[in-house]
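Each remark here refers to the structure printed beneath this line.
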Amino acid sequence: MAYSAEKLSEEKVFKDPVHRYIHVRDRVIWDLIGTKEFQRLRRIKQLGTTYLTFHGAEHSRFNHSLGVYEIVRRISDDVFLGRPEWDEEDRILTLCAALLHDLGHGPFSHSFEKVFDLDHEHYTRAIILGDTEVHQVLTRVSADFPQKVADVIAKTSKNKLVVSLISSQIDADRMDYLQRDAYFTGVSYGHFDMERILRVMRPREDQVVIKQSGMHAVEDYIMSRYQMYWQVYFHPVTRSAEVILTKILHRAKDLHEQKYRFKYDPIHFYSLFNGEITLEDYIKLDEAIILYYFQMWQEEEDPILKDLCCRFMDRNLYKYVEFDPAKEYKKLTELSALFKKAGIDPEYYLVVDSSSDLPYDFYRPGEEEERLPIHLLLKNGDIRELSRESEIVDAISGKRRTDHKLYYPADFIADDSKKPNIKKQIRTLLEID
Amino acid sequence: MLKDHAKLMHAIAVSEEIVGRKKLQKMIYIAKNIAFPFQERFQFHFYGPYSEELTLRVEELCNMGFLNEVKEKKGGYYQYRYTLTETGKEFLDINSVEMPSLQDCLLDMNGQNARFLELVSTVLYFNDLPKEEVKEKVFTLKSKQRYTDEEVEQAYQYIGSLREKAGLH
């Protein structure tokens, strides 16, 4: 029997708080879960620094990846099976791509990617195509199978239907993370009727479409996504932790460039500092290693690195004020000068952070905003873009919400034992006096 | 502070004017890919490499009053024209950006049409593959554009000339 069709003698199940059970019957899926590159995802939190705001948010990318796999498995085996538009040959490709779609995420990837100019999608491809256990498993399906899986995840596959299941405005990835992140953070947003959405999904040549009768469930999904972004993902306290984390990495990199002698040699960071990271180095990185250095760097002599690490580990985060860059950029320059006079390095202690989200968008011919819209399947067989049928979705379509905040260390600014007059001027400008 | 915004404004300032969102996306992607330190991340979309972050930043700069966006009707769709506003120029004077030879590259790209830049950016996106595979990707993923072998060759030559301009050869 071909490896791709090989089944386990008994179905394996993983207990899961969101989907109740994750069901695995295919040998290739079971083997992929057992690889060291997939197991590494257990040591990378799904929501990075969010646990410092919502203490339950300790779940990992491993949980989420299994969840995405399970949703796609249900679509394939329960909803699409036997439909003429669905090619059973694509089933195993879709399941593998769903399971592996986040494989290249590193620890605290948002900050890491920014500071070290990395791209987790590049590493997802590299792990799938490189000399890894995942690659060995995929190659057993066929020599070109790793490339096919990588193409689906990178959205460069010609199989648009499979791509849309993993990556579109209504995909298995979003459906899992919204519910999972809501569950682990404990918030009441993020819930929607996924069962209903799955039941009304239909395969078409270029993408998944939704039967018109499921429109209200989709509206609910879009609104819950909107709520989760502003109430959880862009929470200002989480962003404060992210700002400090980013600055720690910047400081460590700057010190390395200045030939600073670290008390605790950051051997795991050298290839990152030098921009020469290999796949092997990358796979070794996880949050345990990063937090080990943050713990040790609290004893460094460099006062900035030491202070930033203490802040992160003890959750002594920066405070923030609302900031309008258009009207206040000159104020930012003034503040920066005052921080310097006060002996507080603005490069590390005065940070503008922006968040932005576009809840739903449709395709406009000739333009570059290229989100694949959600299409409804009408009773007469016609296909119609969602916002043309739904007033709720139409009201938020194409409307981006952006928020800017200015972060600063309130304790430094409040400390009048040194340069009290300058500190007072800073407080006045920040309007916190 | 706002360094990434400043880099983008600098790019538009040295290009004088950029017409079309697609063109803007491709110019920044190509510039980033060949040499210049833009921070926006790109993924592959319908028209080739596309950055949601770039779209967002442009929108922010328009809202901030640093960029001027003129929407004009062209055939069956709208296109957008971007220039720096006076406030934007003022901001850039305070937050100057040093990217030598960027202007040469961007002015050259600005003289090309969006269709060709779409091809160039797609070739660069798959640049780690052998040329024959890149061609296959172009012909499969961009079948509607009907690019020819000759055009792909021109794209390779163009990438070489841009690298020279950027001082990489």
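Only the coordinates and a few stated rules stand behind these numbers; no lab work does. For clarity, every value in this text was computed on a predicted model and none was experimentally measured. Methodologically, a virtual Cβ is constructed for each residue, glycine included, from the backbone with ideal geometry; neighbour enumeration extends over all protein chains shown.
Assorted remarks:
- FRET efficiency estimate (nearest 0.05) - Cβ-Cβ, B:K71 to A:Q212, R0 45 angstrom: 0.90
- Charge dipole (debye, nearest 20) of the protein assembly as shown; +1 at Cβ of Lys and Arg, -1 at Cβ of Asp and Glu: 680
- Cα centre as origin, Lys/Arg/Asp/Glu Cβ charges: chain B dipole, Debye: 500
- If R0 equals 60 Å, the separation of the Cβ atoms of A:S417 and A:A5 corresponds to a calculated FRET efficiency of about 0.25.
- Scattering profile of segment A:3-233 at q = 0.18 Å⁻¹ [log10 I(q)/I(0), Debye over alpha-carbon scatterers]: -1.51
- Taking 7 Å steps out from each Cα toward its Cβ at A:E276 and B:S101 produces label points 2.3 nm apart.
- Over chain A: helical MRE at 222 nm, DSSP H runs n ≥ 4 each giving -39500 (n - 2.57), nearest 500: -14000 deg cm²/dmol
- Links that overshoot a 23 Å alpha carbon limit, given the list A:K330/B:K3; A:K331/B:K7; A:K330/B:K7; A:K331/B:K89; A:K15/A:K148; A:K247/A:K340: A:K15/A:K148
- Relative contact order (%) - segment A:35-82, alpha-carbon pairs under 8 angstrom, separation at least six: 33
- Dipole in debye (nearest 20) - segment A:151-302, about Cα centre, beta carbon charges: Lys, Arg +1; Asp, Glu -1: 640
- Values of log10 I(q)/I(0), in the order q = 0.19 Å⁻¹, for segment B:29-169 under a Debye, Cα-only, solvent-free model: -1.31
- Nearest-0.05 FRET efficiency for A:S142 and A:R400, computed from C-beta distance (R0 41 Å): 0.45
- Residue among B:S161, B:Y80, B:L129 farthest towards the positive dipole end of segment B:3-165, charges placed on Cβ: B:Y80
- Adding -39500 (n - 2.57) for every DSSP H run of four residues or longer, then dividing by how many residues chain B holds, sets the calculated 222 nm ellipticity at -18000 deg cm²/dmol.
- Among A:F38, A:F339, A:F112, the residue with the largest mean-square fluctuation in a Gaussian network model of chain A, with springs joining Cα atoms closer than 10 Å, is A:F339.
- For segment B:1-134, with +1 on Lys and Arg beta carbons and -1 on Asp and Glu, the positive-most of B:L119, B:F36, B:M64 along the dipole: B:L119
- Normalised contact order of segment B:3-165, rounded percent, pairs of Cα under 8 Å and 6 or more residues apart: 29
- Cross-link partners for A:K36 among the aspartates and glutamates, with Cα-Cα distance under 13 Å and sequence neighbours closer than 8 places in the same chain left out: A:D131, A:E133, A:E280, A:D286.
- Placing a label point 7 Å from the Cα of B:K3 along the Cα-to-Cβ line, the residues of segment B:21-46 whose backbone N sits under 13 Å from it are B:37-40.
- Cross-link partners of A:K379 among lysines, defined as those whose alpha carbon lies under 21 angstrom from its own and excluding same-chain residues fewer than eight positions apart: A:K211.
- Volume per residue of the convex hull around the Cα atoms, evaluated for the protein assembly as shown, comes out as 168 Å³.
- Amide H contacts of A:S60: A:Q46, each under 5 Å away and 5 or more positions distant or on a separate chain (H built 1.01 Å from N in the peptide plane; Pro and chain starts excluded).
- Normalised by the number of residues in chain A, the average gap of Cα pairs under 8 Å and 6 or more apart makes the relative contact order 15 percent.
- For segment A:228-266 and segment A:147-163, distance of Cα centres in Å: 34
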